[in-house]
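Undergrad: So that we are looking at the same thing, I have put the structure below in structure tokens.
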């Protein structure tokens, strides 16, 4: 191949990447899709290319999206902009606001632990560290942990929810609005698969968040050590499917099954979001298997 033709193909690859990332972000900057760089052998970062002949998976999820994070290229999609109920995937943003607000060793007091849904068993008057509440929030998806974090926020629970929506606007999640810190269904409490990919990719850049969502099981205690809470991760793929390092489950009767999943295999980083699934773990595993069987990541060499 002539040098000029090869250079044209390289430029075309850049255009394709930029177009894909632009479409994903709605025309705004995104944290996934890192700038391509040359390594010492003058190769561009590897790009995913579909090579397999297996048919695209058919999933029950009302919305699905899989993204190669380093290029921003879409690997699979189904109605990624459809607004749906987030359920406990909401807690990704709950955690980000808490991490922005509280020191990890700050101690909060449980005032009113009575909440609906999943609970870690907090007791009224209990004093517990923010870091331990975050484990309850993200590992066990505890609604009582979410409420304690919100109720102790400067300005109270309503101000915490305002901060959640400010975070949404900061990250350009154009189709996401939160009405509570837990993910319980509410009028106008909505998100999309694309928005969840965006916020989860940002969250996984925080080492503390990444460590927590990658934890399979942990025992946390009240500040005085008298009350113990054993927390087991609800994410059934964690520790069972190669490369799965988090991120967050979600379920309500109306939302059905939601799951956001971060996968790292070698130097490949993929994020998958499913909303409204009938089998979130099975369908996510199917997508993971299909992606890594039918895509190859090939470096593009810089023309001499």
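The values are calculated or read from the model by the stated rules, or taken from the named source; none is laboratory data. Predicted model only: the values in this text are computed from it and were never measured. Positions of Cβ are generated from backbone atoms using ideal geometry, with glycine treated the same way; all protein chains shown enter the neighbour counts.
Undergrad: Under the condition of being part of a strand (DSSP E or B) and in contact with a strand residue (DSSP E or B) (Cβ under 6 Å, 6 or more places away or on another chain), which residue from region 115-162 is surrounded by the most Cβ atoms within 10 Å (Cβ to Cβ)?
TA: Of region 115-162, the ones part of a strand (DSSP E or B) are 127-129.
If we keep only those that are in contact with a strand residue (DSSP E or B) (Cβ under 6 Å, 6 or more places away or on another chain) as well, we get 127, 129.
On the way: 127: 12, 129: 19.
Here the answer is 129.
Undergrad: While we're looking at this one, here's another question. I'm trying to understand the selection: among the residues of region 33-60, which are in a strand (DSSP E or B) and either surrounded by 17 or more Cβ atoms within 10 Å (Cβ to Cβ) or modelled with pLDDT under 60 (or both)?
TA: If we filter region 33-60 for residues that are in a strand (DSSP E or B), which is where we start, we get 43, 47-50.
43, 47, 48 - these are the residues of region 33-60 that are in a strand (DSSP E or B) and either surrounded by 17 or more Cβ atoms within 10 Å (Cβ to Cβ) or modelled with pLDDT under 60 (or both).
Undergrad: Also, quick follow-up: For residue 30, indicate whether it is assigned to a loop (DSSP other than H, G, I, E, B), at pLDDT below 50 and either under 22 Å from the mean Cα position of the chain (by Cα) or within 21 Å of residue 203 (Cα to Cα) (or both).
TA: Taking the combined requirement at face value, the residue satisfies it.
Undergrad: What number of residues in region 219-234 are within 20 Å of the chain's Cα centre (by Cα) and free of Cβ contacts under 8 Å to residues at least 40 places away in the same chain?
TA: Adding up the residues that qualify gives 0.
Undergrad: So residue 94 fits all but one of (1) crowded, with 24+ Cβ neighbours inside 10 Å; (2) closer than 15 Å to residue 275 by Cβ; what number is the exception?
TA: (2)
Undergrad: Okay, next question. When you scan region 96-111, how many residues do you find that are assigned to a strand (DSSP E or B) and under 12 Å from residue 150 (Cβ atoms)?
TA: Going residue by residue through region 96-111, those that are assigned to a strand (DSSP E or B) are 107-109.
Add one more test, that the residue is under 12 Å from residue 150 (Cβ atoms), and what stays is 108.
Total meeting the criteria: 1.
Undergrad: Are any of the residues in region 292-299 on the phi < 0 side of the Ramachandran plot, surrounded by 17 or more Cβ atoms within 10 Å (Cβ to Cβ), touching a strand residue (DSSP E or B) at 6+ places or on another chain (Cβ under 8 Å) and in a strand (DSSP E or B)? Write out each step before concluding.
TA: Taking region 292-299 as the starting set, the residues that turn out to be on the phi < 0 side of the Ramachandran plot are 292-299.
Next, from what is left, pick out any that are surrounded by 17 or more Cβ atoms within 10 Å (Cβ to Cβ): 292, 294-295, 297.
If we keep only those that are touching a strand residue (DSSP E or B) at 6+ places or on another chain (Cβ under 8 Å) as well, we get 292, 294-295, 297.
Now drop any that are not in a strand (DSSP E or B), which leaves 295, 297.
Yes, the conditions are met somewhere in region 292-299.
Undergrad: Is at least one residue of region 186-198 crowded, with 16+ Cβ neighbours inside 10 Å, in contact (Cβ under 8 Å) with a residue 12 or more places away in the chain and more than 19 Å from residue 271 (Cβ to Cβ)? Break it down stepwise before answering.
TA: Taking region 186-198 and keeping what is crowded, with 16+ Cβ neighbours inside 10 Å, we get 189-198.
Now drop any that are not in contact (Cβ under 8 Å) with a residue 12 or more places away in the chain, which leaves 189-198.
Add one more test, that the residue is more than 19 Å from residue 271 (Cβ to Cβ), and what stays is 189-190.
Yes: one or more hits.
Undergrad: Also, I was wondering about something else. Test each condition in (1) more than 19 Å from residue 198 (Cα to Cα); (2) within 18 Å of the chain's Cα centre (by Cα) for residue 275 and report the one that comes out false.
TA: Against the list (1) more than 19 Å from residue 198 (Cα to Cα); (2) within 18 Å of the chain's Cα centre (by Cα), residue 275 comes up short only on (1).
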